[in-house]
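The next block holds one structure in the form of structure tokens; read it before the comments.
The values are calculated or read from the model by the stated rules, or taken from the named source; none is laboratory data. From a predicted model like this one, the values you see are computed outputs, not experimental measurements. Ideal geometry is used to build each Cβ from the backbone, glycine not excepted, and the neighbour counts take in all protein chains shown.
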């Protein structure tokens, strides 16, 4: 991984938001100690050697990829417990909670915002966003597409599986690496082998896939996640901080 000040462009506040969401997604609100605990964890990572760039006013900036890799490695090495206790613990809780929920109807709002300011006015674009696939856990789907831009036309297409000799295409989810704390917990290591849990699935290779997002992806980029008043935002930015596209997802009913 290339680490250096060129990539350390994300503000301390945004990094704290990202880490707080990863470690405390199930526990929010004014009574949650998550914010203070996340800030303490960040100070500990810096003391352990996490890279940080300081501007002339003393502001601190980070590379989110470097932060996540550092936190995971520190957890695997036993130098810091935030990843193994908070991030892995939160991910497991989300999986178990969704699996144990009784079947019910719900409405999900999914939006994708594209930055087209660098493109010529009137340029024709094919912009893509993911839509859900039916599965053992998700059925009776109704999709109501909406485009906010004038002159936009919407076409609906839906689209993680791996080919296993003798079995064909089987569900396969690499999130089990984190759920098993890097393969250390056998019960979680194979949790998703041959099946996908009840989460939004939007690609089923080789035939059903979303494809290129539709705007140019820069050579160097990073992803930022943040909790919103309702839902979560996931943005893709270049290293200078310019937005490429952002997804917003929330359960609204």
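Tabulated values for the structure
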{"read-out": "Residue in the range 85-92 that is assigned to a helix (DSSP H, G or I) and closer than 30 Å to residue 144 by Cα present", "value": "yes"}
{"read-out": "Among the candidates 64, 145, residue that is touching a strand residue (DSSP E or B) at 6+ places or on another chain (Cβ under 9 Å) and either modelled with pLDDT under 90 or surrounded by 12 or more Cβ atoms within 10 Å (Cβ to Cβ) (or both)", "value": "64"}
{"read-out": "Matching residues in the range 18-27 - criterion: being at pLDDT below 90 and either more than 14 Å from residue 225 (Cβ to Cβ) or surrounded by 20 or more Cβ atoms within 10 Å (Cβ to Cβ) (or both)", "value": "26, 27"}
{"read-out": "Residues (surrounded by fewer than 17 Cβ atoms within 10 Å (Cβ to Cβ) and in contact with a strand residue (DSSP E or B) (Cβ under 9 Å, 6 or more places away or on another chain)) located in the range 36-50", "value": "46"}
{"read-out": "Condition check for residue 199: under 16 Å from the mean Cα position of the chain (by Cα), farther than 23 Å from residue 251 by Cα and modelled with pLDDT under 80", "value": "no"}
{"read-out": "Residue among 126, 189, 158 that is closer than 20 Å to residue 248 by Cα, more than 18 Å from the chain's Cα centre (by Cα) and at pLDDT 70 or above", "value": "126"}
{"read-out": "Condition met for residue 224 (modelled with pLDDT of 85 or more and surrounded by fewer than 16 Cβ atoms within 10 Å (Cβ to Cβ))", "value": "no"}
{"read-out": "Among residues of the range 169-186, those that are buried (at least 18 other Cβ atoms within 10 Å of the Cβ) and modelled with pLDDT under 65, counted", "value": "1"}
{"read-out": "Residues located in the range 219-229, provided they are more than 16 Å from the chain's Cα centre (by Cα) and over 20 Å from residue 69 (Cβ atoms)", "value": "229"}
{"read-out": "Subset of the range 93-127 (residues that are crowded, with 17+ Cβ neighbours inside 10 Å and in a helix (DSSP H, G or I))", "value": "95"}
